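J.: My questions will all concern the structure given below.
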There are 2 protein chains.
Amino acid sequence: MARWFLIMTLLAGAYAAPLQLMPLPRKAVVSSGGLAIDSSFRVATSGYSDFRLEAALKRLAGRVSRQTGIPMLTNTVKPASLLVECRERGNEYPTLGEDESYQLDVSTTSARLQAHSVTGVLRGLETFAQLIGPGPEGFEVPSIHIEDQPRFPWRGLMLDVSRHWMPMAVVERNLDAMAAVKLNVFHWHLSDDQGFRIESKRYPKLQQNGSDGNFYTQAEVRQVIAYARDRGIRVIPEFDMPGHTTAWFAGYPELASAPGPYTIERKWGIFEPTMDPTREETYTYLDGLIGEMAALFPDPYFHIGGDEVDDTQWKHSASIQAFAREHQFADSHDLQAYFNRRVEKLVKKHGKIMVGWDEILGPHLAAETVIQSWRGQASMAEAAAQGYRSVLSFGYYLDHLYPARVHYANDPMDGKAVLGGEACMWSEYVSPETVDSRIWPTMAAIAERFWSPREVADVESMYTRMEAVSRSLEWIGLEHRANYGAMLDRLAGGRSSEPLRVLADASEALGIEGRRDARHYTSLVALNRFVDAVRPESELVRRLEGDVAGIGSDPAAAAELRATFTAWAEIEAGVRQLAEPPLPNGRGSVTGGGSGTNGGSGTKRDGSVPNRDREGAGVMVAELVPLAHNLAAIGRIGLRALDYIEKRETAPANWIADQSQELDRLEQPVAEVRLAGVRPVRLLLAQLRPQSLANGSVRCGNEPLCNSPATVLNWTLTAARPNITLEQMLWVSRAGK
Amino acid sequence: MARWFLIMTLLAGAYAAPLQLMPLPRKAVVSSGGLAIDSSFRVATSGYSDFRLEAALKRLAGRVSRQTGIPMLTNTVKPASLLVECRERGNEYPTLGEDESYQLDVSTTSARLQAHSVTGVLRGLETFAQLIGPGPEGFEVPSIHIEDQPRFPWRGLMLDVSRHWMPMAVVERNLDAMAAVKLNVFHWHLSDDQGFRIESKRYPKLQQNGSDGNFYTQAEVRQVIAYARDRGIRVIPEFDMPGHTTAWFAGYPELASAPGPYTIERKWGIFEPTMDPTREETYTYLDGLIGEMAALFPDPYFHIGGDEVDDTQWKHSASIQAFAREHQFADSHDLQAYFNRRVEKLVKKHGKIMVGWDEILGPHLAAETVIQSWRGQASMAEAAAQGYRSVLSFGYYLDHLYPARVHYANDPMDGKAVLGGEACMWSEYVSPETVDSRIWPTMAAIAERFWSPREVADVESMYTRMEAVSRSLEWIGLEHRANYGAMLDRLAGGRSSEPLRVLADASEALGIEGRRDARHYTSLVALNRFVDAVRPESELVRRLEGDVAGIGSDPAAAAELRATFTAWAEIEAGVRQLAEPPLPNGRGSVTGGGSGTNGGSGTKRDGSVPNRDREGAGVMVAELVPLAHNLAAIGRIGLRALDYIEKRETAPANWIADQSQELDRLEQPVAEVRLAGVRPVRLLLAQLRPQSLANGSVRCGNEPLCNSPATVLNWTLTAARPNITLEQMLWVSRAGK
């Protein structure tokens, strides 16, 4: 025991480990030394094993090799570095509430992972992989004892593949990432107004007329299910009904409450086309479809959507109105409740338990029904009061691009009826290229909220570990970081994108609320602009905020601030140049340099014709010139403030006040992007006038008061949009989409 | 005609286009306007079509979509944007000397690609894809007329998959990149001392004992051949013999000239194990193997290596010496010549034409034999004098990491017997993760040397276009840019790698000559250090060199110089920090900020035990601290020089002389890396004292005199290693590896 020091234990509430784990385990004790990871790294099993476990061990070897850059010798004869002991067979397909606990012991000579189930082993292997990092003599896993198990049994990610089509590769790499942070439910939003994305053999016009050819075959669906199962993830399909169904009607207009024809919806929002709940043929059809899909998906839960029903078609239909009167329905809600009860019978008939969004809550629902709450904690409480189990999605809407700390502070609350939570990635403003960067790494912080004890709530710790996980997710195939540079390169049209990178590093992309009115977006508008490359949350700015706190004591902090502010101050000319065409005799041109080249170079131009190259080649960069102009101004203020601090001069009070005002102006969104770069400069100004902390002009950086959930939310609230309430901000409505 | 302006035509020798094409076409004329690329982009064919062409068009659609970020609607009904006309069937498998010409015409409304063969169409499609870039209103292809055909019929890349194993994915993505720059020969170096990498069904112990399990199955080989064929690339296998054969002997020791047993070689160099050329059983065996492999590979050419035979085993064998005396062989060369003649008969028996390295040149070789020249232009001339066709590899050894301009200045020379050239990627110092960045983008410049007219030789133009192509290669799956950041992230162990990126951007990795004695490298040493992430040639430094030339006239140039030098001057603290462990209360720690966090955070430590976290977590970063120290010094000199220039002050002559000397010192390699950052600062000093241009202290940047091939070589020579001759430098020997 003398050789131990306690890094972290829940009982003590202490989380100060340099362990880059996310989610944090329930209990972890680090001792000195570590297990070296080299080319002889090998895993062996004792106890129960199966194809899931064997596949997981094979994946681990490949991942360790990629993560460390060390080639693995598969034919090594050394004893195993990691011994895996699985105690019970467990379920082959992951099950709600199954035992996911594991225990991991790593010493300087070997590691041992014990679990009751294969699923528990899977969770432990992810922990082991996350622990690998550079040590004193190369890569290693620190000596550690971990006991771990999840807080909630339902930890999900919903992916909307309808509004923007997501190919198999996107689904699979996100399943890998989900497994890495111990999520266990993939909620597949397969149909909506903009696309029906799964093959039906019984009703083939669903995908033929409703998907532009972009749908998953049933073989591919089986592949996804197996892929997820191997990673301990359940797959729950959603067929949203009776609203959000335009794409169904492109093939089967007779299902609708008004005559067709219908075509796939290209715009965003809530639309009128709605199923006719009064015709028996509707239920016959759904019986067929639900039967087909229930057989395809092994999970016992089946999601029927049920949200956001626009009742215009119902109100305009004489027959539907007659039906409603006949059944003495008070309003459209009653009509939808009738529909839900009918659908639930079908779901049950085919052996499944129904899941639906808030709106399905109504009289006479089966007790086993699960409510997915997207409209607020209140609706979840209501469901619980009526005895229904629920899953929280309110506060976890990724398409809003909120800071991770906002989601992190949102808790599903413990309670018998609360199964857990699900983050939702609605896809109006994401493409296969950008979707990873809108889910990750924020999703990792949410996954910690779902897995780790409630007391794990330190925001600084969360951010440090989240960014580490973000980088480690590169090794399992996510493209959130790789696509960042590639997308900026694309805008630069073959020239260096360095000025755009400087700009992007200091920027944060607006979410759905900031984009929906910015231009006329449809599903045909390419998401290939600067805003699409930019991250939801700037890593650089968070680091600079930390630098400001360390400015007196840490030479690296001051150095980074000065270098960064200088780069900002000098940014404008470079961005301007990228907004212009490559000129034959300018920088970035083919002949280059202006200093002449050898032999015969030259461009003949007919001066009398319009020169297309001078019209402005970089339309997508041109909108960034004002943004660069603003960042340059922020950089200059930062440098000036830094000078005051380093030279220990007193800044004039009116200068500080003026600059604070100026920063407010410079923070206004341009090109659907906000300059996060103002934040560290605000903190610097606060250092120049410490008493100003209380006057509201300074937002939180590393101040202690920032880290409580309430303060975090309040901070975000005031920083991001001063005129709405907390509840309004977390109210994640698709209505205005 | 009035609406045209001539951008470039060979006749006029003018290359000043902003066209980002590589290799440059034989003839290109640009007119105003361009063809918009949007989601309705579609390709159609007229004339002859086949599965190769159809597959190519499908690939193009995917690539255009990735390259632009525009989703493609596959079910569009608009007329085709690009019409492809193939005139003849041509060969299904690409053939040496086939017609690869094409003509491309793009207007504002449509594009038309014409070619005689499918292979010609493939070349033209790559040109079309390269031309897509951001235009005034979005992505477009400029209006253009192109007539194109290759200079040489044999344009290759040799990949050594023996010294480091290269999985299928590496081979396939490099075939894609080869196709993008119109290369047409993939030379697959399948066996060497360190591994026999292909399945033999006849002699299975070759792969079983000779590959550590890392070999291509015959099914995979067929897949590679088909993949290459679809892209107009021939696949030529090499089985190096009679030397470089240790891995064969692990399974079949009886083939060797000395008794075994043998194991796979793990070190680099030339080794003694050599086939016994005197036993008839050797030829019986080779008859079997060559027959099996000749049937597997459809290409008529078959490479038997033949290089670098160490005759120690021969000299120590009484029976071999007796055989030599009996046959009146003067020396070991005669013995090898005998071996070659015997092997050639076997190659011919199985329907193939023999290819071999320089050393096979000897009496009585068949006239059709092709000599691959790696030892110099002289050996190629000798082969030509004896009537043999040859392929130049001398001067194209990628493992030396020479600047692209050096390879670019190396010309295969026209002549009847010169088929073309091949770049060689020997794999002692590359892994699957780093190999792309050692082949690309340099390979693109070499490909231009092989394809474009000899007169295409402007170095500035080459670099600008090469870097554009480097970025566009991201969209076809190469990892040379993506892995750069990921590998730096790995070194930072989850923390921000920004300081390492600043350092890496200013650095250039040493090639084989700088590495072989730097540490004890074997095939088991991981290539995951800073030097492995760093590029062979710094893009940033090249840009800064251009900035110095533009400093008076271009605000962006001065801005970039100042921002960059500031980042360099401030780099040291950040790198130092990464070399240390993440501290619980320091920057980068979990608790972070030093400003306290909410509730109960804290670390309990037993002060009496050794704290492993303080021993230095970043062993791989620690070696970079001196490098960062040097870069900071370079940055300070740069800032000072910039001040002199911008304030129009005169720098003291002795200050300039002192700094020049200091730069020489700062350029000395550290951690197998050279700081390229000295080069722009040297140019700045030259601006302060223009008369110093002639005194040898200033190396070339954008000066006109630098661009002739001779000057380029001479420059590289003096800059890189002052004490060797040009011939010595281009002498690419594996002897010392």
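The values are calculated or read from the model by the stated rules, or taken from the named source; none is laboratory data. In this text the structure is predicted, and so the values were computed from the model without any measurement. Neighbour counts are summed over all protein chains in view; Cβ atoms, including those assigned to glycine, are modelled from backbone coordinates with ideal geometry. Each accessible area value is taken on the protein alone, full model and side chains, heavy atoms only, with ligands, DNA and RNA left out. Shrake-Rupley method; radii C 1.70, N 1.55, O 1.52, S 1.80 Å.
J.: When the helix-only estimate is applied to chain A (DSSP H runs of n ≥ 4, each -39,500 (n - 2.57), divided by the residue count), what is the mean residue ellipticity at 222 nm, nearest 500 deg cm²/dmol?
T.: On the way: 28 runs with 291 residues, N = 737.
Estimated from H runs of four or more residues: -11500 deg cm²/dmol.
J.: With θ taken as phi - 60° and the coefficients 6.51, -1.76 and 1.60, list the Karplus ³J(HN,Hα) couplings across the range B:368-376 in order, rounded to whole Hz; mark glycine and proline as x.
T.: 7, 4, 10, 9, 9, 8, 10, 9, x
J.: Put +1 on the Cβ of every Lys and Arg and -1 on every Asp and Glu Cβ in the protein assembly as shown; which of A:T369, B:F215, A:G514 then has its Cα farthest towards the positive end of the dipole?
T.: A:G514
J.: Let me ask you something else. In Å and on Cα atoms, what radius of gyration and Dmax does the range B:229-281 show?
T.: Spelled out, the Cα radius of gyration and Dmax of the range B:229-281 are 14.4, 45 Å.
J.: Give the separation of the Cα centroids, the range A:385-451 to the range B:618-688, in Å.
T.: Cα centroid of the range A:385-451 versus Cα centroid of the range B:618-688: 50 Å apart.
J.: Could you give me the ³J(HN,Hα) list for the range A:455-464, computed from phi with Karplus coefficients 6.51, -1.76, 1.60 and θ = phi - 60°, whole Hz, x at Gly and Pro?
T.: Coupling constants for the range A:455-464: 5, 6, 8, 6, 5, 5, 4, 4, 5, 4 Hz.
J.: What are the distances, in nm and sorted shortest first, from the label point of A:G362 to the label points of the same position in each other copy, with each label point placed 7 Å from Cα along the Cα-to-Cβ direction?
T.: Those label-point separations list as 9.1 nm.
J.: Would you pull out the residues with amide H under 5 Å of B:Y301's amide H, same chain only if 5 or more places away, H placed 1.01 Å from N?
T.: Counting only residues 5 or more places away or on other chains, the set is B:I353.
J.: The range A:158-218 to the range B:467-546: how many Å between their Cα centroids?
T.: About 37 Å separates the Cα centre of the range A:158-218 from the one of the range B:467-546.
J.: How many percent of DSSP beta bridges within the protein assembly as shown run antiparallel, rounded to 5? All intermediate terms of the calculation are to be shown ahead of the outcome.
T.: Values: 64 of 150 bridges.
Of those bridges, close to 45 percent are antiparallel.
J.: Another question about this same structure. Rounded to the nearest whole Å³, what is the per residue volume of the convex hull around the Cα atoms of the range A:149-278?
T.: Looking at the range A:149-278, the number lands at 119 Å³ per residue.
J.: Right, next: Could you point to the residue in A:S427, A:I360, A:M241 farthest towards the positive end of chain A's charge dipole, with +1 and -1 charges on the Cβ of Lys/Arg and Asp/Glu respectively?
T.: The residue sitting farthest along the positive end of the dipole is A:S427.
J.: Compute the accessible area of each residue in the range B:530-544 twice, once for its chain alone and once with every protein chain present, using a 1.4 Å probe on heavy atoms, and list those whose area falls by at least 50 Å².
T.: Residues shielded by partner chains are B:R543.
J.: Each residue of the range A:126-137 in order: what ³J(HN,Hα) in whole Hz does its phi give by Karplus 6.51 cos²θ - 1.76 cosθ + 1.60, θ = phi - 60°, with x for Gly and Pro?
T.: Taking θ as phi minus 60°, the curve returns 5, 4, 4, 4, 5, 6, 5, x, x, x, x, 10 Hz for the range A:126-137.
J.: Now for a separate question. Name the shape class, rounded, prolate or oblate, that the alpha-carbon gyration tensor gives for chain A, where a ≥ b ≥ c are the square roots of its eigenvalues, rounded holds for a/c under 1.5, and otherwise prolate holds if a/b is larger than b/c and oblate otherwise. Display every interim value, and only then the final one.
T.: On the way: a/c = 1.57, a/b = 1.18, b/c = 1.32.
Oblate shape, in that a/c is at least 1.5 and b/c is the bigger or equal ratio.
J.: Still on this structure, I have one more. Give the long-range amide H neighbours of B:V161: residues separated by 5 or more places, or on another chain, with amide H under 5 Å away, using H modelled in the peptide plane at 1.01 Å from N.
T.: Close amide H contacts, sequence-distant or interchain: B:H189.
J.: What is the gain in length, in nm to one decimal, between B:A61 and B:E220 on full extension, counting 0.36 nm per residue of separation less the C-alpha to C-alpha distance?
T.: Between B:A61 and B:E220, full extension yields 54.6 nm more.
J.: Separate question: All other residues with a Cβ under 11 Å from the Cβ of A:R231 taken together, and with Lys, Arg as +1 and Asp, Glu as -1, what is their net charge? Spell out each step's value before the answer.
T.: Values: positive: A:R52, A:R59, A:R123, A:K182, A:R229, A:R234; negative: A:E126, A:E172, A:D176, A:D230.
So the surrounding residues net to +2.
J.: Normalised by the number of residues in chain B, what is the relative contact order in percent for Cα pairs under 8 Å and 6+ residues apart?
T.: That works out to 11 percent.
J.: Right, here's the next one. When the accessible area of the protein assembly as shown is computed with all protein chains present and a 1.4 Å probe, what percentage of it is carbon and sulfur?
T.: Roughly 53 percent, rounded to a whole number.
J.: From the label point of A:Q223, set 7 Å from Cα along Cα→Cβ, how far away are the matching label points in the other copies, in nm, ordered shortest to longest?
T.: Result for A:Q223, in nm, nearest copy first: 1.3.
J.: In Å², rounded to the nearest 100, what is the total accessible surface buried by chains A and B against each other with a 1.4 Å probe? Walk me through the numbers on the way to the answer.
T.: Working: alone 29020 and 29040 Å², together 48910 Å².
The contact between B and A buries close to 9200 Å².
J.: Oh, and also: Please label the shape of the range B:322-391 as rounded, prolate or oblate, based on the square roots a ≥ b ≥ c of the eigenvalues of the alpha-carbon gyration tensor (a/c under 1.5 means rounded; beyond that, a/b larger than b/c means prolate, else oblate).
T.: Taking the square roots of the gyration eigenvalues as a ≥ b ≥ c, the range B:322-391 is oblate.
J.: If you restrict to DSSP beta bridges whose two residues both lie in chain A, what percentage is antiparallel, to the nearest 5?
T.: 45 percent
J.: Something else now. Pairs to check: B:K27/B:K182; A:K27/A:K416; A:K201/B:K58. Give those whose C-alpha atoms are more than 19 Å from each other in this structure.
T.: Result: A:K27/A:K416; A:K201/B:K58 exceed 19 Å.
J.: Lysines near A:K267 by alpha-carbon distance under 24 Å, same-chain residues fewer than 8 away left out - which ones?
T.: A:K267 reaches A:K205, A:K315, A:K737, B:K78.
J.: How high is the relative contact order of the range A:168-327, given as a whole-number percent (alpha carbon pairs under 8 Å, six or more residues apart)?
T.: Dividing the mean separation by the residue count of the range A:168-327 yields 25 percent.
J.: Once you charge only the Cβ atoms, +1 for Lys and Arg and -1 for Asp and Glu, what is the size of the charge dipole of chain B about its Cα centre, to the nearest 20 debye? Don't skip to the end; give the middle numbers.
T.: Numbers: 78 positive and 91 negative charges, 228 e Å.
Here chain B has a charge dipole of around 1100 debye.
J.: Check which residues have an amide H placed less than 5 Å from B:A256's amide H, if you skip close sequence neighbours.
T.: Sorted by chain and number, the residues that satisfy this are B:D276.
J.: Looking at A:L627, B:Y48, A:M293, which one has the Cα that reaches farthest to the positive end of the dipole of the protein assembly as shown (charges on Cβ: Lys, Arg +1; Asp, Glu -1)?
T.: Among A:L627, B:Y48, A:M293, the one farthest towards the positive end of the dipole of the protein assembly as shown is A:L627.
J.: For B:K348, list the aspartates and glutamates whose Cα falls under 14 Å from its own Cα; do not include residues on the same chain fewer than 8 positions away.
T.: B:D287, B:E292, B:D299, B:E368
J.: With charges set only on the Cβ (+1 for Lys and Arg, -1 for Asp and Glu), what does the dipole of the range A:468-555 come to about its Cα centre, in debye to the nearest 20?
T.: The dipole of the range A:468-555 has a size of about 360 debye.
J.: Let me ask you something else. How big, on average over all directions, is the shadow cast by the Cα convex hull of the protein assembly as shown, in nm²? All intermediate terms of the calculation are to be shown ahead of the outcome.
T.: Numbers: hull surface 224.2 nm².
Spelled out: convex hull of the Cα atoms, projected over all directions, averaged, 56.0 nm².
J.: I would also like to ask the following. Can you list, shortest first in nanometers, how far A:R665 lies from the same residue in the other copies, with each label 7 Å from Cα toward Cβ?
T.: Those label-point separations list as 4.9 nm.
J.: Compute the relative contact order of the range A:317-374 as a whole-number percentage, counting only Cα pairs closer than 8 Å that sit 6 or more residues apart in sequence.
T.: 27 percent
J.: Further, regarding this structure: Return P(r) of the range B:405-453 (all Cα-Cα pairs; 5 Å bins starting at 0; whole %; ordered from short to long distances).
T.: Result, from short to long distances: 4, 19, 27, 19, 15, 10, 5, 1 percent.
J.: Please work out the average accessible area per residue across the range B:95-137, using the 1.4 Å probe convention, and give it in Å².
T.: I get 30 Å² per residue for the range B:95-137.
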